[in-house]
Structure formats: C-alpha cells, structure tokens
Amino acid sequence: MGKTLFDKVWDSHVINKIDNGPDILFIDRHFIHEVTSPVAFVGLKSRNLKVLFPNKTFATADHNTPTINQHLPIKDVLSAQQVKTLEKNCAKHGIDFWGLGHKMNGIVHVIGPENGITQPGLTIVCGDSHTSTHGAFGAIAFGIGTSEVEMVLSCQSIMQQKPKKMRITIDGKLNSCVTPKDVAIYIISKLSSSGATGYFVEYSGDVFKSMTMEGRMTVCNLSIEMGARGGMIAPDKKTFEYLNGKEFSPKDEKWDSAIESWRNLKSDPNSVFDKEISFNANEIEPMITYGTNPGMAIPISKEIPYFNDSGSKSSFSKSLEYMNFKEGEVMLGRKIDYVFLGSCTNGRIEDFRSFASLIKGKRKAENIDAWLVPGSLKVLKSIKDEGILEILINSGFKLREPGCSACLAMNDDKIPAGKYAVSTTNRNFEGRQGPGARTILASPLVAAASAITGKITDPREII
Amino acid sequence: MAYDKFNIINSSAIPLNMDNVDTDQIIPARYLKAIERKGFGDNLFRDWRYDSNNEMIKDFSFNNKNYSGKILVAGKNFGCGSSREHAVWAIYDYGFRAVVSSFFADIFKNNCLNIGVLPVQISESFLSELFNEIEKDNDSLFEINLPNQSISIMSNGQSESFNISNYKKENMINGFDDIDYLVDRKEDIITFANKISR
C-alpha cells in the first residue's frame, strides 16, 4: 500500500513510538510569540532546562501589539511587559527575535512562509491554532499548547497521537468572485466546525492546484475551523517558485537537492485515507457567516437557515440571538459598521490586491470604519511598492501597521459591543473581536464590496 | 513530577449544556496578557459570568450557587478554536479536575492531559443522563475512576467507561508529564536530529 503525503512527512519525523500511546515527533521549525510562550520559559527555568536548538525557533511579536504608532513604546502595560519578556527570553536563550519595527516582523503565519522558513516536508509547530497555514507548502504544521511549547524548546520534539487522514477533493473551475476564503468557508459549512476533529486533511484537485500559494495558505489556515489539526497541499512548481530566493530557503546545490526531494512529497496513487470527501467547484458561491462559529455559513445570496436538528437548538438560538439575526432572513443589504481586512487568514499581499481591485475608483461608505492591517512589514512594503496604498487612500481608506489586531482584539483594535463587522478573519466566536462584537466572516472581495456600500454586498454586483 | 496525581474523584458537577464552546469563551483573549500561570480562574467564562457592567449574569450555571464541584459537564465539541492552554489553566484554577463531554476538540484535549485535567469523553446518551441527574439533584455525586476508566452516577449506579491511552493514564496517575519523559530521552533526540540534519 502506498503512503499519503501526510504519512511520508509524519513517519520520517518519528523518533520513537510508545505502545498504546503517542509518537515522539521531531520538530523542524518552531515559531513563538509573546502570548503563549512566557509560561513555557518559566517552566524551563523552574526545571533548569536550556533551549536545545535555538536556531530552530523563531520569535515575533504580533498578538497584542498596537497597529498604529509602532515606533512609540507600547502603551498597554501588560502588553508591553509580555513583549519585553519575550525579547528577554530570546536574548537569554539565543533565539532570533523579530520585534516591532524589525524588517521581518509580522504575524507569525505570514512571516514564516514569506521568509522561506516554511518549507515542504518539514514539521512545524507554534502555540497558535492557525499554524495549520504552513501546510500549504506540504509541511505538517499544527498548533500546540504552552506545555508543548516548553517541550519543543527543551527537547525539539513533542508527543502526539498520529491523527487519522482525510482527503478533500474539489475539481472543476471556480465561479467569478469565489476566492480561496469562500472555498474554505464552504467546506467548513458542509463539514461543521467539528467535522474534521481527529483528522489531518489533504486538499487535492483542480481548485487547489490552480490556487496561488497565498490562496493555499488561506485554505490550510482555516483547517482548524472544522476541527482538523492541520491541512496540507502537495508541493508543486508554484511552491518551489514561491520559495526560490527567499532568505531562509536553501541556496545553490542545496536548492537543487531540496527540489529533488520535495518532488516526492505527494500521496501515492494507491494510498488510502480514513475519509474521502469531494465537492464540485461550480457549486461554490461567495460565502458569509451568520452565526458564532465558522460552520454557520451560507452562500451570500441565500437566507439564514432554520434550525435543522444538527446540534442543540439552544446553542443555535443563542448564536442567532447574539448576532440579532433571525431564521429565514436575508443577509444581503444589511447595514454594517466595520470592515476588517487582515489576519493570518487574509492579511497577505494577494488579499490587499484583491481588496484594492474592487474598491479602485470608488469611495468608502460614510458609515464604515475600515481597519486594514497588513500581515507583515514586508506585506506593508509591497502594498506601497505596488501602488496599492495610493488606491486605498484615494478611496478614503487608511492603512495600519502589521499585527493580529482585531482578529482576536487583544490590543486596542476592538469592535464595539453590538456593532457588525465584515471581517476577513477566521473566527466569528462571541466576543472574539471585542466584547459584544458581531463578526461576519467573508473574503476580501466581500469585505471590499461591503466597505463601498456600507451594507453586506455581493461583490458580483459591484464588479 | 509536574502536576497533582489523579486517581479517583468523587464530586458533584457544574453543568454547561451548550455545544461548540470555544476557548475564546472559556477565557477571552484580553485576559491572556500574563507572563506567569496565575489567577486565570477569575476570568473563566468571564463574558458569560459577567455583563458589560461587571454585574453577575444570574442565569449562567456558574453563578447558580446550587451548583458546585470539581467536575465540569459540557456539551459536545468542547474547547474548539484557539490553542490557548490558558483555557485549561483557567478551568484548573477555578477548581475543576475533570471535564466531561461527548466530544472534545483535539488541542484542548491534549492541553488538558498535559496539565493534569482529565478529559472524560462519553456517549451522547450518557451525557444527557448526567445533565438530567444534575438538574434533578444539584448535589448529585459522580465518581470518576481513572484506574478503571469509568464514570458513574452514584445515586443510581449507572456507569460508562472512557478511553485514555495507557501512557497518558500512567502519567496522570503518577503526576508525570511529557516533558519529564522527553528530557530523559534527550540523547535519542539529538542523535535523530544529527541523522536528519535539517
């Protein structure tokens, strides 16, 4: 029997297997940030342990940092202390730290790929569930807890039960204005927010083959939103082109031999998955969420569904009550208050290109507060270099500085209670974007269309 | 030696009969700014326990004085979303030693096992029994027996078994954790690292 892509990468990283227990898995790359690492370093200190391989860990500040005036000291005392603590811990243990203003700074899942740290065939972890993003390169990448961060710092490995394998295949061609975000939200709406729990997903088929690397990252990023530990896509020519010449990518003869081995990273034709699911590309429309988990999503032109016995009625009702929506209502045309473009899901250059393509020559609606937050300083630089900033400014938008920002609202970027935000992020949980905030997840195109009209708007009506 | 040993607990339970409870509800992101593992219990389910004026929300089960105990009984897909271990720290700090549900999110479950909170996964039907029992009698006692891998309703003797790997079970019973285990095998890890030299 052949091996799946997932098996190939996983099996080559197993140091040891424990009977009726987990595998000891070697970790190639480890990302840390200010929020989930401090207690791990406290643990190292109390056990008198050192960081085993400091050059395999990379640190950034992103989760609770401000997105304006980053050249000034961080005002929030606790945030400042957390970032300072990370800086000190990194200095003490010899770990590269890319703090605010450092040219490599940005959201952890944006900077890994854009600097070539993320590569095919690697195992990559971070104390953040959206680590699944890096699977777009054919790596096994998943989020871990702080105890596991301590394991990776001290022993460069973690203990994990090997998950089951699922393949999601989508063939055909996507309709106009249907983006990778819509594809991912569509899948989650079909599988539910727990439909892939216990699985690692491989995405295959025409749709993912023809996606850009940025698009593949968006899809893999959202794997966790259906419960999967991670998602991955077999590397191909596009992957290699993306990585060629990046700061941490292999160089010269090492590059050639890397490509040679990366070419084997695909599921063998006779390999077997625990679960296979397939969809048709032409069934997918621009998507939007109406509830308080990413599985509560519908095509933008459709009505909010009636409760249908899957799950508990009280959870469904509580969700709609929180959003102040009703069963059977149409979402299109509803007035909104905020638009947020950014996050590890949709904060890459392609997302800003997509947003700019739609708003070009139009004006932001008066009733909309728009927060546009690039995923990294490199993304910010590209926005300027490509003339996108000018388009944004001419249409009445402003650009902020990089960070996770209103995706999880740890910093000052909080959507006020009761307000509606069309957001390109990953979670519409209660209070996620601020206490009482109401989040509607959508693609950068839907966000752009809605920012122009001030209402939930189908981008196909604007283009 | 990393955390308290877990053997058998006998306790009443607090119910949270809701599906898809995510870790942003268990502990909102704005309470994740600490640099030490201290005091997270105060903010457990913060926005469900208190309203925007910091007034207690009366009909939330945690604010009902009739409910207490070391066991949290929750609806399916508990702990989905963010990987924040702070969620489990908050649950532990509040006083819980076990969480019972018909389905757990993966990362949350790992985090529980890594700090010594026992995730007990049971059938949907037995979960309904537990909710019914708590509703009938707030003080009803439940026994979670880790060596036997069973959970029982003491009043009527109904019981169900649950799964846990031998490795994790031994760890919980002895209060060991994965870091202890890995540190003891550091030489193997270094040998492996040299072999693959990435």
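The values are calculated or read from the model by the stated rules, or taken from the named source; none is laboratory data. Values in this document were obtained by computation on a predicted structure and should not be read as measured data. Positions of Cβ are generated from backbone atoms using ideal geometry, with glycine treated the same way; all protein chains shown enter the neighbour counts.
Looking across region A:121-140, the residues that are assigned to a loop (DSSP other than H, G, I, E, B) and surrounded by 24 or more Cβ atoms within 10 Å (Cβ to Cβ) come down to A:Gly127, A:Asp128, A:Gly138, A:Ala139. If only residues of region B:108-119 that are touching a helix residue (DSSP H, G or I) at 6+ places or on another chain (Cβ under 6 Å) and within 11 Å of another protein chain (Cβ to nearest Cβ) are counted, the one that is surrounded by the fewest Cβ atoms within 10 Å (Cβ to Cβ) is B:Ile115. If the condition is being of a type in the set (A, V, I, L, M, F, W, C) and touching a Gly at 6+ places or on another chain (Cβ under 9 Å), then region B:68-87 contributes B:Cys80, B:Ala87. For beta carbons closer than 6 Å, sequence separation of 6+ or different chains, a first residue in region B:15-42 that is facing chain A (nearest Cβ under 9 Å) and closer than 24 Å to A:Ser319 by Cα and a second that is of a type in the set (Phe, Trp, Tyr) and surrounded by fewer than 22 Cβ atoms within 10 Å (Cβ to Cβ), the qualifying pairs are B:Asn17/B:Phe131. Against the numbered list (1) more than 12 Å from every other protein chain (Cβ to nearest Cβ); (2) buried (at least 24 other Cβ atoms within 10 Å of the Cβ), A:Ile144 comes up short only at (1). Apart from one condition, B:Ile122 fits all of (1) away from chain A (no Cβ under 13 Å); (2) free of Cβ contacts under 8 Å to residues at least 40 places away in the same chain; the exception is (2). Restricted to strands (runs of 3 or more DSSP E) entirely inside region B:28-143, no element has at least 3 residues that are touching a Leu at 6+ places or on another chain (Cβ under 6 Å) and within 29 Å of A:Lys164 (Cβ to Cβ). Of note, A:Pro113 does not satisfy the criterion of being touching a residue at least 12 places away in the same chain (Cβ under 8 Å) and in a loop (DSSP other than H, G, I, E, B).
Within region A:67-84, one or more residues are crowded, with 19+ Cβ neighbours inside 10 Å and facing chain B (nearest Cβ under 9 Å).
Each row is one residue, and each column tells you yes or no for (1) at pLDDT 95 or above; (2) of a type outside the set (A, V, I, L, M); (3) surrounded by 15 or more Cβ atoms within 10 Å (Cβ to Cβ); (4) not assigned by TED's automatic domain parsing to the domain that holds A:Arg348.
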residue: A:Pro180; (1), (2), (3), (4): yes, yes, yes, yes
residue: A:Leu191; (1), (2), (3), (4): yes, no, yes, yes
residue: A:Gly198; (1), (2), (3), (4): yes, yes, yes, yes
residue: A:Val201; (1), (2), (3), (4): yes, no, yes, yes
residue: A:Val219; (1), (2), (3), (4): yes, no, yes, yes
residue: A:Ile224; (1), (2), (3), (4): yes, no, yes, yes
residue: A:Gly231; (1), (2), (3), (4): yes, yes, yes, yes
residue: A:Glu241; (1), (2), (3), (4): yes, yes, no, yes
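Those strands (runs of 3 or more DSSP E) of region A:1-78 in which 1 or more residues are touching a residue at least 60 places away in the same chain (Cβ under 8 Å) and within 26 Å of the chain's Cα centre (by Cα) occupy A:23-26, A:29-32, A:57-60. Taking the criterion of being within 20 Å of A:Trp98 (Cβ to Cβ) and either within 14 Å of another protein chain (Cβ to nearest Cβ) or among the aromatic types (Phe, Trp, Tyr) (or both), the residues of region A:374-409 that qualify are A:Gly403, A:Cys404, A:Ser405, A:Cys407, A:Leu408.
Here's the yes/no breakdown for (1) in contact with a Gly (Cβ under 8 Å, 6 or more places away or on another chain); (2) more than 26 Å from A:Cys220 (Cβ to Cβ); (3) within 14 Å of chain B (Cβ to nearest Cβ):
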| site | (1), (2), (3) |
| --- | --- |
| A:Gly342 | yes, no, no |
| A:Ala356 | no, no, no |
| A:Gly361 | no, yes, no |
| A:Leu372 | yes, no, no |
| A:Asn411 | yes, no, yes |
| A:Asn428 | yes, no, yes |
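Checking each residue in region A:85-109 for being farther than 24 Å from A:Gln156 by Cβ and either within 13 Å of chain B (Cβ to nearest Cβ) or in contact with a Lys or Arg (Cβ under 8 Å, 6 or more places away or on another chain) (or both) picks out A:Lys103, A:Gly106.
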